[in-house]
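All of the numbers you see were taken from the coordinates with simple rules; none came from a lab. Everything quoted here is computed from the prediction, not taken from an experiment. No Cβ is skipped: glycine too gets one built from the backbone with ideal geometry, and neighbour counts run over all protein chains shown.
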Amino acid sequence: MVESALMNGDCLTHLAALPDGCADLVFADPPFNIGYRYDVYRDHLAEADYLAWARRWIEQCVRVLSPTGAMFVAIGDEYAAEYKVRLDQAGLYLRNWLIWHYAFGPHQKKKFGRDHAHILYYTSHRERFTFNADAIRV
Ligand SMILES: C[S@@+](CC[C@H](N)C(=O)[O-])C[C@H]1O[C@@H](n2cnc3c(N)ncnc32)[C@H](O)[C@@H]1O
């Protein structure tokens, strides 16, 4: 049976309440830490604090990920490499480093526009995982 629930609140609090290996899929879209103006969140932590926090939620996500599960992390240019290193160190297997190209966002006057984000696609196991190719075929 598939159970689902929407939990609104701090990710570390909610993740800590979940049992090991309960998630077949994790999709994380964390703050990029580039000074976006959110309503309740300050998106400009000191780099060390941001990465220490990232390590904590990555650890929790890996703990709840099932042995055949998949994890996606969406992130901007500034920290993509840092996340890649940490997800490798967490023992996951990189399947794709995807670039999401989008056609929205503010125009820039002094540099090129930001028209993409990185999506790091990892699995718990090197060979045993679900990939629904037909469902995403273009
Ligand atoms: C890049 S945005 C993702 C937006 C989301 N994908 C959406 O479409 O609404 C990062 C989000 O993480 C939230 N956030 C920041 N710290 C958090 C935390 N400790 N636990 C849960 N969410 C958090 C922010 O409020 C922000 O909405």
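Entry note: the range 77-124 has Rg to Rh equal to 1.11, where both radii use alpha-carbon atoms and Rh is the Kirkwood radius. In this structure, the amide hydrogen of V26, modeled 1.01 Å from its nitrogen in the peptide plane, lies closer than 5 angstrom to those of A70, M71, F72, counting only residues at least 5 positions away or on a different chain. Of the residues T13, T68, the one with the fewest other Cβ atoms within 10 Å heads the list, and the complete ranking is T13, T68. Among Y41, Y122, Y93, the largest mean-square fluctuation in a Gaussian network model of the chain, built with springs joining Cα atoms closer than 10 Å, belongs to Y41.
Seen against the Cα atoms of the chain and their longest principal axis, helix 77-89 is set at about 20 degrees. Counting neighbouring Cβ atoms within 10 Å and putting the fewest first, the residues M71, M7 line up as M7, M71. Taking Cα centroids, how far is the range 60-78 from the range 114-138 in Å? That distance is 11 Å. Counting only DSSP beta bridges with both residues in the chain, the antiparallel share comes to about 75 percent. Restricting the range 93-138 to trypsin sites (Lys or Arg not before Pro) that sit in a DSSP loop and have at most 11 other Cβ atoms within 10 Å of their own Cβ leaves K109, K110, K111, R126, R128, R137. Largest mean-square fluctuation among D20, D39, D77, in a Gaussian network model of the chain whose springs join Cα atoms under 10 Å apart, belongs to D39.
For the Cα trace of the chain, dividing Rg by the Kirkwood Rh returns an Rg/Rh value of 0.98. Within the chain, the longest run free of exposed loop sites, counting GluC sites (Glu not before Pro) that sit outside DSSP helix and strand states (H, G, I, E, B) and have at most 14 other Cβ atoms within 10 Å, spans 4-126. Taking a straight line from the alpha carbon of K110, not one of the aspartates and glutamates sits under 16 Å away once near neighbours fewer than eight places off in the same chain are left out. Considering only L45, L120, L15, the mean-square fluctuation computed in a Gaussian network model of the chain, springs between alpha carbons under 10 angstrom, is largest for L45.
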